[in-house]
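The values are calculated or read from the model by the stated rules, or taken from the named source; none is laboratory data. What you see is a predicted model, and the numbers here were worked out from it, not measured in a lab. FYI the Cβ positions are ideal-geometry reconstructions off the backbone, even for glycines, and counts take in every protein chain you see.
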């Protein structure tokens, strides 16, 4: 009989290669200086947006017409105030919460939908693949920003609605990527062996296709989040974002652009710089994760 010690030893032997892969992946990621910069930027921006209001209290609902267009550092406002008296730093924190939440949620939604769609299409093949991917091609032929603008004029903009709108059209790219991976993976020996033993297509997709395409999925997810944040900024810049008193960086950028011509430069640069930094952060993180999974694939 197998003793408990022998069983534990076998389990440790099985887990050792996994720990080695994680250790190697962390080492490769840390060697990418830009990836570490991206992580630091994201953590810093997230801390400022979500933890900052706990220590820096401002009024972001009621206007204060006695404190409009105060320059930075005046009246206890480090970044000044806007045209209705809102503290610009507090507004930046509130807008960052909306932009980050919508970007993360919409990016994850698009990645999940696109991964499942592409995995099913690529594994099924034949007329199922042709029908599913022709729908993707047809939707990709229409400019996504035009679709977002059309839908935003039909429905009332809100945070949940923006997440659904962006996620409903941003899944097309991940679907094409995962479908290409599925076409390659479905011919592998272990997938064929599972099918020959009576395994279902659903099990093949869940247990083999999606897990083996996870590297591509994770890397693409970081770029999806960055794109979703930009889409939020585009829509808000065009006046189709969340209505006041809610805020986001794109809406602040739009308002600041009009005020800049009047000499109120402090209303334009902070949200613009914040958008650039958060998008750069996710792109740097995506580059680092791509290096990690490329090394793990070569090792495999």
>> Any residue in the range 258-287 that is without any contact (Cβ under 8 Å) to a residue 40 or more places away in the chain sitting within a Cβ distance under 8 Å of a residue that is surrounded by fewer than 19 Cβ atoms within 10 Å (Cβ to Cβ)? List the pairs, counting only those 6 or more apart or interchain.
In response: 268/257; 268/259; 268/260
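Can you tell which of 122, 118, 180, 167 is assigned to a helix (DSSP H, G or I), modelled with pLDDT of 80 or more and surrounded by fewer than 21 Cβ atoms within 10 Å (Cβ to Cβ)?
Numbers: 122 fails: surrounded by fewer than 21 Cβ atoms within 10 Å (Cβ to Cβ); 118 fails: surrounded by fewer than 21 Cβ atoms within 10 Å (Cβ to Cβ); 167 fails: surrounded by fewer than 21 Cβ atoms within 10 Å (Cβ to Cβ).
Testing whether each residue is assigned to a helix (DSSP H, G or I), modelled with pLDDT of 80 or more and surrounded by fewer than 21 Cβ atoms within 10 Å (Cβ to Cβ) leaves just 180.
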> Taking the range 28-74, which residues are touching a helix residue (DSSP H, G or I) at 6+ places or on another chain (Cβ under 6 Å) and outside any helix (DSSP H, G or I)?
Replying inline: 32, 58, 60, 72
>> Looking at (1) surrounded by 15 or more Cβ atoms within 10 Å (Cβ to Cβ); (2) at pLDDT 85 or above, which one does residue 60 not meet, given that it meets all the others?
In response: (2)
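Residue by residue through the range 55-77, note down the ones that are in contact (Cβ under 8 Å) with a residue 60 or more places away in the chain and within 17 Å of residue 267 (Cα to Cα).
Initial filter on the range 55-77 (in contact (Cβ under 8 Å) with a residue 60 or more places away in the chain): 60-61, 69, 71-72.
60, 69, 71, 72, listed by residue number.
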